Ligand SMILES: [Zn+2]
């Protein structure tokens, strides 16, 4: 049985933005003063330090873990035992072994964590080598997770990193329950949403719809885009989850064709005009190939003509490539800074050596340097981390009967309901093909459809309201079956005590 690590500093969360001191300390002491360097040789020096004897390597860490301070959490107990427990019992999963993932693995290993695992589905490409500093030319084509794990283990003695070369969806849900903290170094919204849903799915709620602390699995999420980045702490049930603040990610920029054709105002407008409109006009039937330098050069020259005609500055060949291929430049120093902040938050959550970031740090290095911590608020009706609507049901209740109940349930009042359980679609109103496929489930008890699990989360979508004012909506149901399992209610943790 895994021993519980030092209780995370959940209460009280700092009310205002966290003083910038801890983040600076993290950069300087735990990682090195070179955390924003882009130069691999500096990194190698840094990694070489890591092979020094244990006592000198943990010197900076000891300043945080072996002595009290006025920023520590209420449960913090300084001492060598805490440091040793962190090394022995804390298990950290790093999701992603790209630009941010490489930095995270190195930072976490140098911050004293010894049990790390990393999951990534990608293989190394030549274009990764400028910033994903754990990889070499001879590694091209090999799985990132495996090479990254090997390289860090070679340089940092005592650390054990288990690589997983697969998609995050391929792992059983139980895989994710094994870890003390999950750290995300991803570049995709979909992957973040998936992990967020999995981790929030572990949440248990008591009878007052309050999240049970023991069921919370903390996440630390980092993200970078060019010179900008963010680090955030997600304590499911307490701080907003990824879904609560999904609006933070703006939809991808697409220019209206009329703007491109009639009223270009920026250099990208001119480039997209040459790429999307002019190319087809001049080369009918010939597909534009973004990897063909001649094609790219043609688009660039057309864009320059267009820009000159409208007096717009700024069209360059590099920008043309960036706009056409939708390239967001990845910058090593941004990854290093965001990773340092994430590794420090991980250490703070695991040890309680300081209050955690509350709860979203943004970094902007476009002009000068600007950082800011913002305390976002949880959405209590969030379909992912919210408690959902509690329903105690009979095991013989069929899916059709449940759907009828939902029409009259005061907190649901939903018609034309479609039902999902985990990744399974139990019933879909449309399209007709799916309806026909799932129709047979209507007469089956929900208990059976949920694999006779004593409780579970069911997601329903349908129409709320009446007549012309009906709107589509979705709700989360926290279903518990009567007379099944140890606890009748879903607080079986308390019941078992
Ligand atoms: Zn949420």
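Calculate the translational D of the range 257-324 in whole µm² s⁻¹ from Stokes-Einstein, where the hydrodynamic radius comes from the Kirkwood formula applied to all Cα pairs, the temperature is 25 °C and the viscosity 0.890 mPa s.
D, rounded to a whole number, is 211 µm²/s.
Take the alpha carbon gyration tensor of the chain, find the square roots of its eigenvalues, order them as a ≥ b ≥ c, and report rounded if a/c is under 1.5; if not, report prolate when a/b exceeds b/c, else oblate.
oblate
Order 205-212, 456-463 from most to least packed using the mean count of other Cβ atoms within 10 Å.
Taking the mean over residues of other Cβ atoms within 10 Å, the ranking is 456-463, 205-212.
When 480, 323 are ordered from fewest to most other Cβ atoms inside 10 Å of their Cβ, what list results?
Ranked by crowding around the Cβ, least crowded first: 480, 323.
How big is the convex hull of the Cα atoms of the range 181-228, per residue, in Å³?
Cα convex hull per residue, to the nearest whole number: 83 Å³.
Give me P(r) over the range 334-404, computed from all C-alpha to C-alpha distances, binned every 10 Å, as integer percentages.
14, 27, 25, 12, 15, 7, 1
How high is the relative contact order of the chain, in percent, counting Cα pairs under 8 Å that sit 6 or more residues apart?
17 percent
Which length gain, in nm to one decimal place, applies between residue 424 and residue 474 when the Cα-Cα distance is subtracted from 0.36 nm times their residue separation?
16.4 nm
With N set to the number of residues, divide the alpha-carbon radius of gyration of the range 213-263 by 2.2 N^0.38 Å and report two decimals.
The range 213-263 yields a ratio of 1.77.
Just report the Cα centroid separation between the range 58-99 and the range 337-374, whole Å.
16 Å
Calculate the FRET efficiency for residue 138 and residue 188 from the Cβ-Cβ distance with a Förster distance of 35 Å, rounded to the nearest 0.05.
My answer for the efficiency is 0.80.
Compute from the Cα atoms of the range 87-168 the Rg and the Dmax, the latter being the longest Cα-Cα distance, and quote both in angstrom.
11.7, 37
Could you compute the FRET efficiency for residue 367 and residue 70, with r as their C-beta to C-beta distance and R0 at 35 Å, rounded to 0.05?
0.55
Semi-axes of the range 284-431's equivalent ellipsoid from the Cα gyration tensor, sqrt of 5 times each eigenvalue, largest first, rounded to whole Å?
Working from the Cα gyration tensor, I get semi-axes of 49, 32, 15 Å.
So what's the gap between the Cα centers of the range 419-484 and the range 151-166, to the nearest angstrom?
Here the answer is 43 Å between Cα centres.
Work out the FRET efficiency for residue 380 and residue 305 from their Cβ-Cβ distance, taking R0 = 60 Å, and round it to the nearest 0.05.
0.65
For the range 389-496, just run the numbers: alpha carbon Rg, then divide by 2.2 N^0.38 Å, N being how many residues it has.
Compared with the compact-globule rule of thumb, the range 389-496 sits at 1.10.
Hey, rough spin-label estimate for residue 175 and residue 416, points 7 angstrom out along Cα→Cβ, what's it come to in nanometres?
In this crude spin-label approximation the distance works out to 3.8 nm.
Work out, step by step, the length gained on full extension between residue 291 and residue 214: first 0.36 nm times the residue separation, then minus their alpha carbon distance; give nm to one decimal.
Gain on extension, residue 291 to residue 214, equals 22.6 nm.
Sort 453, 430 so that the residue with the fewest other Cβ atoms within 10 Å of its own Cβ comes first and the one with the most comes last.
430, 453
If the range 153-256 were replaced by its equivalent ellipsoid, with semi-axes equal to the square roots of 5 times the Cα gyration tensor eigenvalues, what would those be, largest first, whole Å?
Those come to 24, 23, 14 Å.
Kindly provide the helix-only [θ] at 222 nm of the chain, computed as the sum of -39,500 (n - 2.57) over DSSP H runs of four or more divided by all residues, to the nearest 500 deg cm²/dmol?
About -9000 deg cm²/dmol.
Where in the range 389-405 is the amide nitrogen less than 14 Å from a point lying 7 Å along the Cα-to-Cβ axis of residue 484?
Answer for the range 389-405: 391-399, 402.
Computed from the coordinates by the stated procedures, all read-outs in this text should not be read as laboratory data. All of these numbers come straight from a predicted model, not from anything done at the bench. Here the Cβ is made from the backbone with ideal geometry for all residues, glycine too, and neighbour counts use every protein chain on show.
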